[in-house]
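One structure is given here, and the rest of the page talks about it.
The values are calculated or read from the model by the stated rules, or taken from the named source; none is laboratory data. Computed from a prediction, not measured in an experiment: that's the story for all the values here. We place every Cβ from the backbone using ideal geometry, glycine too, and count neighbours over all the protein chains shown. With ligands, DNA and RNA removed, areas are computed over all heavy atoms of the protein, side chains included. Shrake-Rupley method; radii C 1.70, N 1.55, O 1.52, S 1.80 Å.
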Amino acid sequence: QKVEIDGIKFDSQAEGKRYVQLKALETAGEIVDLRIQVEFQILPAQDKFGKKERPVKYVCDFSYRDRNGVHVVEDVKSAPTKTREYIIKRKLMLFFHGIIVQEVMMS
């Protein structure tokens, strides 16, 4: 069920709840540079022998830096949203960008 918080539309109540938690951490100085729906390119667009392919992208729910300056990429997940496509993109993020996507399970 979609929800709107601070004028931002979230795909689920769990994602909205996590946003509220992260905003509180940012206000407390525990994290900085909180961003929402950050897009990462996994594979560029291709054009080989007249065959065009769009780029492959991954959009995370949240991105921020922790108090040690470590870049954190998060995705709020539940069993239905942990699709094969997501799992492949998560693995490609690690392989191509060296980023471990942190999955946050919200109830």
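Computed quantities for the displayed model
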quantity	calculated
From Arg54, Arg67, residue being more than 23 Å from Arg18 (Cβ to Cβ), of a type outside the set (Gly, Ala, Ser) and loosely packed, with under 14 Cβ neighbours inside 10 Å	Arg54
Some residue of segment 17-25 being within 15 Å of the chain's Cα centre (by Cα) and exposed (fewer than 15 other Cβ atoms within 10 Å of the Cβ)	no
Residue under evaluation Ala24, criteria (1) among the small types (Gly, Ala, Ser); (2) under 21 Å from Glu103 (Cβ atoms); (3) assigned to a loop (DSSP other than H, G, I, E, B), criterion not met	(3)
Residues of segment 27-51 satisfying the condition of being in contact with a helix residue (DSSP H, G or I) (Cβ under 8 Å, 6 or more places away or on another chain), closer than 16 Å to Gln102 by Cβ and open to solvent by 50 Å² or more (accessible area, probe 1.4 Å)	Ile36
Of residues in segment 68-96 being over 18 Å from Arg35 (Cβ atoms) and among the small types (Gly, Ala, Ser), the one nearest to the chain's Cα centre (by Cα)	Ser78
Close pairs (7 angstrom Cβ cut-off, 6 or more residues apart or separate chains): surrounded by 14 or more Cβ atoms within 10 Å (Cβ to Cβ) in segment 70-90, part of a helix (DSSP H, G or I) anywhere	Val76/Ala14; Val76/Glu15; Val76/Arg18
